[in-house]
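What follows is calculated from the coordinates using simple rules that are stated; it is not laboratory data. Every value quoted in this text rests on a predicted model; they were computed, and no experiment measured them. All Cβ positions, even for glycine, are placed from backbone atoms using ideal geometry, and neighbour counts span all protein chains on display.
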Amino acid sequence: MEIEDDRILAAEYALRLLEGDEERAARVRVLTDRGFASEVAYWQEQFASMADDVAEVAPSGAARKALMNRLFPDAATNSPFSLAFWKGLAGAATAAAALFAFLAFVPADLTGPPPLFVSEISSDDQSLRVLAVIDAAAHTVRITRTSGDAATGRSLELWGIPADGQPPVSFGVLPGTETAEFIVPDALLGKAVGLTLAISDEPEGGSPTGQPTGAVLALGPVTAL
Amino acid sequence: MTPADIEALIARVGLGERQAFSDLYQATSAKLLGVCLRVLNDRAAAEDAMQDTFVKVWKNADRYASNGLSPMTWLITIARNTAIDRLRTAKSRPTSDLADYSEVLSSGGPSPEGAAIAASDAGRITKCLDTLPVDRKDAVKGAYLDGDSYADLASRFDVPLNTMRTWLRRSLLSLRECMAQ
């Protein structure tokens with residue numbers, strides 16, 4: 001009977017039927033009683049299949065931006081400074097130097113707008129033309145495709161080529177839509193100055209190797225707005 | 001994405017990889033927002049709960065392996081609990097917010113055997129729910145999907161709290177017996 005009671009208590013707890021002191025007491029059991037925790041996990045696993053029927057709802061772009069800013073405030077607030085930092089010190093990235101750069105540039109940059117960079121990525125004959133705006137504070141790249149499309153069964157992939165001679169880094173595959181937003185990969189953070197954006201022709205779904213494998217169709221230098 | 005893909009992403013998030021976090025968000029945020037929205041019935045509140053969920057995921061992904069849950073169950077459980085905490089906080093007293101998801105992150109997770117049993121049985125509940133009388137099935141589903149407590153269910157079905165409690169405990173017992181078969 002005791003085992004049975006525990007099993008039901010575990011289900012009640014997993015369902016969140018309990019409130020107040022009852023819930024707190026059950027939580028203590030989860031944290032201290034391995035058998036009980038196991039029974040709670042069993043129910044959680046079972047109950048979760050009820051979520052199969054829950055419709056997906058795409059979150060707004062603003063929600064992701066707010067989340068990223070919240071989790072990585074250093075990246076968001078430091079990026080204007082780290083750009084200046086990289087420009088001036090060319091790679092001496094120690095925590096102390098970064099802090100110094102941060103302190104040194106705070107007064108000037110706090111008043112200014114967040115840094116934006118733009119790029120026109122186009123082929124020589126303009127058959128493929130994509131405009132990109134990089135928001136260094138939000139770590140996003142928004143693109144608008146004004147002409148061109150992937151060949152049948154192929155994909156277009158967006159790359160960033162850093163000025164420091166490091167290999168290209170993928171932002172991802174361009175969707176079929178006219179506009180899209182990408183997140184700036186970690187490897188390119190703080191490297192907007194001197195960056196070149198490129199679009200290559202890749203197998204459907206993108207390069208299998210992590211590096212461009214097909215023809216580079218369009219290039220565009222990144223400039224500060 | 002397969003569960004193995006999601007699990008691999010969670011493992012990389014646990015190592016602090018922001019790109020993996022971004023990919024995980026891309027792959028799962030719509031589902032988790034759906035779960036939060038179902039509980040909260042308010043788009044702005046649901047997006048906030050979804051964000052809080054991902055903050056917890058970022059901070060606790062390195063402890064995922066110890067809890068024995070499948071990756072989507074782990075994410076959905078955090079999302080659901082976060083949404084319910086928000087719902088109940090809004091309704092009444094403030095609760096400790098970070099302690100409220102400790103169960104899915106606790107080191108006192110299931111034994112390996114327990115986890116294996118949970119995984120092999122996953123989905124059996126769908127079949128077993130159908131063996132319950134319709135109103136009881138609705139009560140269990142309402143509790144899970146809408147985040148109803150005993151008190152909420154009692155007022156929804158217009159029965160005394162203890163009646164609802166007895167009712168649901170019997171249903172859970174039948175479910176457990178059915179699932180063990």
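On the basis of the beta-carbon distance and an R0 of 35 Å, A:THR223 and A:THR152 show a calculated FRET efficiency of 0.55. Computed from label points 7 Å out along Cα-Cβ, the spacing between A:ASP33 and A:ALA163 is 6.4 nm.
Taking the Cα of A:ASP125, stepping 7 Å toward and past its beta carbon, and measuring to each backbone N in the stretch A:205-225: which are under 17 Å? Residues passing the 17 Å test: A:215-219. Taking label points 7 Å from Cα along the Cα-to-Cβ direction, B:ALA27 and B:LYS137 give a separation of 3.3 nm. Model label sites at A:ALA55 and B:LEU15, defined 7 Å from Cα along the beta-carbon direction, differ in position by 3.9 nm. So if I take the centroid of the Cα atoms in the stretch B:126-166 and the same for the stretch A:165-225, what is the distance between those two points in Å? Each part reduced to its Cα centre gives a spacing of 51 Å.
Across every direction, the projection of the convex hull enclosing the Cα atoms of the stretch B:129-181 has a mean area of 3.4 nm².
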